[in-house]
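The values are calculated or read from the model by the stated rules, or taken from the named source; none is laboratory data. Remember, predicted model here, so these are calculated numbers, not experimental data. When we count neighbours, we look across all protein chains shown, and the Cβ atoms used for this are built from the backbone with ideal geometry, even at glycine. Note: accessible area is taken over every heavy atom of the protein model, side chains too, but ligands, DNA and RNA are not part of it. Shrake-Rupley method; radii C 1.70, N 1.55, O 1.52, S 1.80 Å.
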Amino acid sequence: PCDWRATPQLLGKWVQALPQSALDDDFPYPCAAGLLGSTGDDQGLGQRSSFCGGRSPAGTYQPLEAGLTLLACRRGSYCPRGVADPLPCRSGTYSNWTNLESAGECITAEPGYFAPLGSISQQSCRSDTYNPLAGSSSDLDCLPCPGNSTTDGQTGQRFRTDCQCTYG
């Protein structure tokens with residue numbers, strides 16, 4: 001059905017794959033989540049072409065089949081190019097910013113703090129504990145003050161020397 005004489009440059013090229021069954025389904029088939037559906041016009045009426053408009057840009061995501069709307073990547077997550085859902089900042093990191101493009105943009109938790117998976121802020125170690133390590137992911141990384149020592153109600157302590165002996 002194609003006139004190869006009129007378009008010889010298409011010989012040997014992949015033009016379009018059609019299913020080997022009846023075309024009872026709506027055509028075009030929807031672009032997958034993470035891809036932008038192409039409208040073929042500027043009216044935003046949904047996917048109107050068999051071509052997809054490309055992957056969602058980094059820092060955004062597109063969760064719907066045949067979707068045209070880009071959503072800003074949420075706090076506590078990052079969105080590389082072409083994702084359907086945000087990816088959480090790794091354990092030991094956090095972010096209160098939106099539109100992050102890579103895991104490297106998430107901030108490492110400081111000593112004296114920890115950050116579980118997908119955190120939007122670091123959390124301080126509770127009083128009478130300390131944590132000398134950066135990038136901790138749980139309050140289990142916060143070590144208890146030894147013996148009768150205390151942090152005197154202070155949280156987020158980094159060093160064992162922050163624990164002071166109590167007398168009484």
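Does region 129-144 hold any residues that are outside any loop (DSSP other than H, G, I, E, B) and either open to solvent by less than 30 Å² (accessible area, probe 1.4 Å) or hydroxyl-bearing (Ser, Thr, Tyr) (or both), and which are they? Break it down into steps so the answer makes sense when it comes.
Let us first name the residues in region 129-144 that are outside any loop (DSSP other than H, G, I, E, B), namely 129-130, 139-141, 143-144.
Thr129, Tyr130 - these are the residues of region 129-144 that are outside any loop (DSSP other than H, G, I, E, B) and either open to solvent by less than 30 Å² (accessible area, probe 1.4 Å) or hydroxyl-bearing (Ser, Thr, Tyr) (or both).
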* Out of (1) open to solvent by 30 Å² or more (accessible area, probe 1.4 Å); (2) free of Cβ contacts under 8 Å to residues at least 24 places away in the same chain, the odd one out for Asn96 is which? -> (2)
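This table checks each residue for (1) touching a Cys at 6+ places or on another chain (Cβ under 8 Å); (2) polar (S, T, N, Q); (3) under 11 Å from Ala109 (Cβ atoms).
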| residue | (1), (2), (3) |
| --- | --- |
| Cys125 | yes, no, yes |
| Tyr130 | yes, no, no |
| Ser136 | yes, yes, yes |
| Pro146 | yes, no, no |
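Can you tell me how many residues within region 108-128 are assigned to a strand (DSSP E or B) and either at pLDDT below 95 or open to solvent by 70 Å² or more (accessible area, probe 1.4 Å) (or both)?
Within region 108-128, residues that are assigned to a strand (DSSP E or B) and either at pLDDT below 95 or open to solvent by 70 Å² or more (accessible area, probe 1.4 Å) (or both) number 2.
Tell me whether region 135-150 contains one or more residues that are under 30 Å from Pro30 (Cα atoms), in contact with a Pro (Cβ under 7 Å, 6 or more places away or on another chain) and not basic (Lys, Arg). Before the answer, list the steps.
The initial filter retains those residues of region 135-150 that are under 30 Å from Pro30 (Cα atoms), namely none.
For region 135-150, residues under 30 Å from Pro30 (Cα atoms), in contact with a Pro (Cβ under 7 Å, 6 or more places away or on another chain) and not basic (Lys, Arg): absent.
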* Asked: For Gly12, are the conditions met, namely being at pLDDT below 85 and on the phi > 0 side of the Ramachandran plot?
  -> yes
* Regarding Gly67, is this residue open to solvent by less than 20 Å² (accessible area, probe 1.4 Å), more than 30 Å from Thr161 (Cα to Cα) and either in contact with a helix residue (DSSP H, G or I) (Cβ under 8 Å, 6 or more places away or on another chain) or part of a loop (DSSP other than H, G, I, E, B) (or both)? -> yes
* State yes or no: is Gly153 in contact (Cβ under 8 Å) with a residue 12 or more places away in the chain, assigned to a loop (DSSP other than H, G, I, E, B) and closer than 16 Å to Ser95 by Cβ? => no
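Please go through region 71-84 and pick out each residue that is of a type in the set (D, E, K, R) and either open to solvent by less than 20 Å² (accessible area, probe 1.4 Å) or free of Cβ contacts under 8 Å to residues at least 40 places away in the same chain (or both). Don't jump to the end; show me each part of the working.
Taking region 71-84 as the starting set, the residues that turn out to be of a type in the set (D, E, K, R) are 74-75, 81.
Result: Arg74, Arg81.
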